[in-house]
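See below for the structure under consideration.
The values are calculated or read from the model by the stated rules, or taken from the named source; none is laboratory data. Bear in mind the structure is a predicted one, so any value in this text is a computation, not a measurement. Cβ: placed from backbone, ideal geometry, glycine included. Neighbour counts: every protein chain shown. Surface areas here come from the heavy atoms of the whole protein model, side chains and all, with no ligands, DNA or RNA. Shrake-Rupley method; radii C 1.70, N 1.55, O 1.52, S 1.80 Å.
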Amino acid sequence: MTKLIIANWKMNKTIKEAIFLVQELKKLLKNEKNVEIVVCPPFTSLQAVSRELKGSRIDLGAQNMYFEESGAYTGEVSALMLREIGCKYVILGHSERREIFGEDDNLINKKVISALNHSIKPVLCIGENLEQRNSGKTKEIIEHQLKSCLKNISKAEISKIVIAYEPIWAISKGNPSHKAATAEDAEEIHKFIRHILCGIFIENVAKSVKIIYGGSMKPDNA
């Protein structure tokens, strides 16, 4: 299975800065062949970055979307709009969307379905917080999030979804004393996620799903 690296830029980079960054990335990555790379700039830079990425091997993703195609939803962006710009991926259920903006599994499930309906690959983020981890509820939380966010997803669709394990307790938010998850932490939960997917879907289909890690990722711990 080809490795997948997704760069979530969050609320960083002006349009000018975003263009410069992808220009530099294209130079650095021109000889990389065994990995799939996705960049997810802010909404304001998507159009400019999309133009800059044409002809390159870097794919474009968005950081969020709403599940309706259009309507009176001030400040929201639809899958239809993202697809028109050239987005192949969209991050859904990110811990910051859950914690800061109150998104729940039911809303995220609707977004996942909408993305799939518009041929955009959802990057479904799941993960437990520190309190849940310390109380031994990690696997319970992961299983609930998976089953809720993947409700009404068919066997044909699951292989188009990327699962991102993102333990909230491992996100530093600028705190240098905060510790990221170890490789063993990530491996244990990745195996558990695969186990749950095999229980929901046919085993050989579930094994085709890409599971990645996110949470204070840096070059020295990747």
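Worth pointing out:
- You will find that of 193, 200, the residue that is out of contact with any helix residue (DSSP H, G or I) (no Cβ under 6 Å at 6 or more places or on another chain) and within 20 Å of residue 97 (Cβ to Cβ) is 193 and no other.
- Among the residues making up segment 70-96, a single one is touching a residue at least 24 places away in the same chain (Cβ under 8 Å), open to solvent by 80 Å² or more (accessible area, probe 1.4 Å) and part of a loop (DSSP other than H, G, I, E, B): 88.
- Condition check for residue 27: part of a loop (DSSP other than H, G, I, E, B), at negative phi, surrounded by fewer than 17 Cβ atoms within 10 Å (Cβ to Cβ) and modelled with pLDDT under 95: no
- Test: residue in segment 145-156 that is buried (at least 20 other Cβ atoms within 10 Å of the Cβ), more than 15 Å from the chain's Cα centre (by Cα) and modelled with pLDDT under 95: no
- Out of 1, 11, sole residue that is part of a loop (DSSP other than H, G, I, E, B), at pLDDT below 95 and surrounded by fewer than 17 Cβ atoms within 10 Å (Cβ to Cβ): 1
- Residue 99 being open to solvent by 30 Å² or more (accessible area, probe 1.4 Å), charged (D, E, K, R) and in contact with a helix residue (DSSP H, G or I) (Cβ under 8 Å, 6 or more places away or on another chain): yes
- With respect to the stated conditions, residue 46 fails to be part of a strand (DSSP E or B), out of contact with any Asp or Glu (no Cβ under 7 Å at 6 or more places or on another chain) and either surrounded by 18 or more Cβ atoms within 10 Å (Cβ to Cβ) or at pLDDT below 95 (or both).
- Residue that is surrounded by the most Cβ atoms within 10 Å (Cβ to Cβ) [pool: residues in segment 102-115 that are within 16 Å of residue 168 (Cβ to Cβ) and in contact (Cβ under 8 Å) with a residue 12 or more places away in the chain]: 108
- Extreme residue, nearest to residue 181 (Cα to Cα), among residues of segment 147-167 that are assigned to a helix (DSSP H, G or I) and of a type in the set (Gly, Ala, Ser): 148
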